[in-house]
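See below for the structure under consideration.
The values are calculated or read from the model by the stated rules, or taken from the named source; none is laboratory data. Since the model is a prediction, treat every value here as computed from it, not as a measurement. Positions of Cβ are backbone-derived with ideal geometry, glycine not excepted, and every protein chain shown enters the neighbour counts. Just the protein is used for accessible areas: all its heavy atoms, side chains included, with ligands, DNA and RNA removed. Shrake-Rupley method; radii C 1.70, N 1.55, O 1.52, S 1.80 Å.
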Amino acid sequence: MWRDTARRIIRARQRLGWVSFVAHHEIHGTPCTSKLSMEILGRRVVEFLDELPLVPAACILLVSRCTEYADAKKDEIKSLVTAVKGCLPSSCALVGCVGAGIIGTGDGGFSEEVEMAEGVTLLLMPQIEGVSANVINLSLTEVKNNRNFKGRWEKSLKIPSDGTVKCVFLLAKGDTYNLDVIGKVASGIWKVCNFEGDDKSGDKSDVVIIGGLVESFLMVDNEVRNAGVVGLALAGNVEAISMVHHGETAEGVQQSLKQLRQSGIPCEKNTACFMVSCIGRGEKFYSAKNVETGIFRQEFPGIPVVGFFGNGELGLDLHSCERKLERDNHFLHSYSSVFCLCSLSSQSNNDSLTRRRVKGTVAIHAEETSDAKEKPCSSMSA
């Protein structure tokens, strides 16, 4: 065991960056039960993790189910989570969800959008000095009771409140009476991470928040839940920038991503992209597969992307509200795709990271005409 650990540490020093994986299969060619389908995907994940080239600090696990198995059984998902956790260090945080579609990057940097099919994707965050991954795990009751009290949010979120949190990835499953659950948590994170601005114009924050409402189960460490909010809050030497796209053409997506490219965030092996897209987009929307991820790969070659198709997207638009939070649903979007670039930097690179720092987040509603003016990305958090 210690030899395996030593080899992983050596390989991690040689390759310090995010690691991604995606696998899927069609049940129509080889009919199988829902349980067997999950076992097949589980074996492929374990095979990948057994050859893992780094010691991960955090893992995002996202699962897609086909129409026939849309009503996934909790014990099947629990078995998958147990298998994945068994391959990871005990200190590695895990969050994830089950939905109608996933987005992942596999061998050769090829990204895929797996919709209404049996699939699984992973994104593994490396252990880097000066960067921490903090798990968020809230019940619907906790979210409801916290209301607008900053002290309650600090106690339940259990994330740093000293301004070091730079990027938060959220997954939420509500019920008929708690459809705005993810917006309330985003509001709470905003309150906890706020700090008093030098110009005394009010509280400011450069935390970037991305997420969405999921179709089925939530996962957090060894637990599989039917409802609540889970997520990862990345703190320390982290840069992040997010973009919300509402356009309806491939050209509009490319224009938005070109603007995102102008943000200046480093596109290196320690950079990854979180993506949340409306369940109404994807292949049926564009009449073609992998349109948005294909364009992302053109603009950001070598950057892994992971995400899912949700029933509501969350992306913090600081630009439109002038850094002032007005209401919970300000964070929420529909019929959109949200992209978030997240870059990690070791302690030794912190000085250069600070010099590149630009505050905030950007939301882009791309023009669909060829003569539309390109807006520079207004912000970045570090």
request  = Please indicate, with yes or no, whether at least one residue in segment 324-338 is buried (at least 24 other Cβ atoms within 10 Å of the Cβ), touching a strand residue (DSSP E or B) at 6+ places or on another chain (Cβ under 7 Å) and at pLDDT 90 or above.
outcome  = yes
ask   = Any residue at all in segment 63-75 that is surrounded by fewer than 20 Cβ atoms within 10 Å (Cβ to Cβ) and over 21 Å from residue 310 (Cα atoms)?
value = yes
message = Scan segment 47-57 and tell me whether some residue there is part of a helix (DSSP H, G or I), open to solvent by 10 Å² or more (accessible area, probe 1.4 Å), charged (D, E, K, R) and on the phi < 0 side of the Ramachandran plot.
response = yes
query = Which one is most open to solvent (accessible area, probe 1.4 Å), of the residues in segment 140-161 that are outside any helix (DSSP H, G or I) and in contact (Cβ under 8 Å) with a residue 24 or more places away in the chain?
reply = 158
query = Within segment 162-197, which residues are modelled with pLDDT of 90 or more and part of a loop (DSSP other than H, G, I, E, B)?
reply = 164
request  = May I ask you to list the residues in segment 121-137 that are over 22 Å from residue 275 (Cα atoms) and either of a type in the set (A, V, I, L, M, F, W, C) or open to solvent by less than 20 Å² (accessible area, probe 1.4 Å) (or both)?
outcome  = 128
inquiry  = What's the number of the only condition in (1) closer than 24 Å to residue 280 by Cβ; (2) in contact with a helix residue (DSSP H, G or I) (Cβ under 8 Å, 6 or more places away or on another chain); (3) modelled with pLDDT under 90 that residue 246 fails to meet?
reply    = (2)
task = Using the structure shown, decide if residue 75 is charged (D, E, K, R), assigned to a loop (DSSP other than H, G, I, E, B) and out of contact with any Ser or Thr (no Cβ under 6 Å at 6 or more places or on another chain).
result = no
query = Just for segment 112-143: of the residues that are of a type in the set (Ser, Thr, Tyr) and under 18 Å from residue 98 (Cα atoms), which one is modelled with the highest pLDDT?
reply = 121
message = Take residues that are of a type in the set (A, V, I, L, M, F, W, C) and under 30 Å from residue 160 (Cα atoms) and tell me which of the strands (runs of 3 or more DSSP E) falling wholly in segment 222-306 contain 2 or more.
response = 228-236, 238-245, 271-278
